[in-house]
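The values are calculated or read from the model by the stated rules, or taken from the named source; none is laboratory data. Predicted model, so just to flag it, every value in this text is computed and none were measured. We place every Cβ from the backbone using ideal geometry, glycine too, and count neighbours over all the protein chains shown. For accessibility, only protein heavy atoms count, side chains too; no ligands or nucleic acids. Shrake-Rupley method; radii C 1.70, N 1.55, O 1.52, S 1.80 Å.
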Amino acid sequence: MTRAHDPAHPWQFHDFQPDTGQQVVREQGFGLTIREHLAAMAMQGLMSSPFFEKVLAASKDEDAATQVVVRSSIEMADALIAELAKPAPEVAP
């Protein structure tokens, strides 16, 4: 199940206790959430496309054009997460 606020790339640094040899977690981090990561990838795609140039050129307000891209990126990320949360279809052998 894909949950929006799960970490996209969690990590842990493992080490061994010198006296016992037992493995321990020294550090861990979580970074971006899945939702943040997908929204960033969507935003990258939108901003590198002719769509963004057209929105920016048509807009008299650069902040409004930026908000269109921001909202669109988040909506795309949320739509992908919702679709991924659905059960996978059966695949015929």
* Asked: Taking springs between alpha-carbon atoms closer than 10 angstrom, which of Q17, Q44, Q28 fluctuates most in the Gaussian network model of the chain?
  -> Q17
* To do: Identify the trypsin sites (Lys or Arg not before Pro) of region 1-71 meeting these criteria: DSSP loop state and at most 12 other C-beta atoms within 10 Å of the C-beta.
  => R3, K60
* Asked: Residue separation times 0.36 nm, minus the C-alpha to C-alpha distance between F16 and D78: what's the value?
  -> 18.3 nm
* Pick from G21, G29, G45: which residue has the top mean-square fluctuation in a GNM of the chain where Cα pairs under 10 Å get a spring? -> G21
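Given all pairs of different Cα atoms, what value in angstroms does the Kirkwood hydrodynamic radius of the chain take? Show your work: numbers first, answer last.
Details: mean 1/r = 0.0608 Å⁻¹.
After inverting the pairwise mean of 1/r, the radius is 16.5 Å.
Suppose all protein chains stay in the model; what accessible area per residue would a 1.4 Å probe give for the chain, in Å²? Intermediate values should be presented prior to the final figure.
Numbers: 7310 Å² over 93 residues.
Per-residue accessible area for the chain comes out at 79 Å².
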* Asked: What nm value, rounded to one decimal, do you get for the distance between L32 and S49 when each label is placed 7 Å out toward the C-beta?
  -> 1.7 nm
* Mind putting a number on the dipole of the chain about its Cα centre? Charges go on the C-beta only, +1 for Lys and Arg and -1 for Asp and Glu, and I need it in Debye to the nearest 20. => 180 debye
* Structure fact -> Residues whose built amide H sits under 5 Å from the amide H of A8, excluding neighbours closer than 5 in sequence, are L32, T33, I34
* **Exposure ranking of H5, H37, H14 by accessible area [1.4 Å probe, largest first]** => H5, H14, H37
* Which loop-located chymotrypsin sites (Phe, Trp or Tyr not before Pro) does the chain contain, where loop means any DSSP state but H, G, I, E or B and the Cβ has at most 13 other Cβ atoms within 10 Å? -> F30
* Pick from A77, A64, A42: which residue has the top mean-square fluctuation in a GNM of the chain where Cα pairs under 10 Å get a spring? -> A64
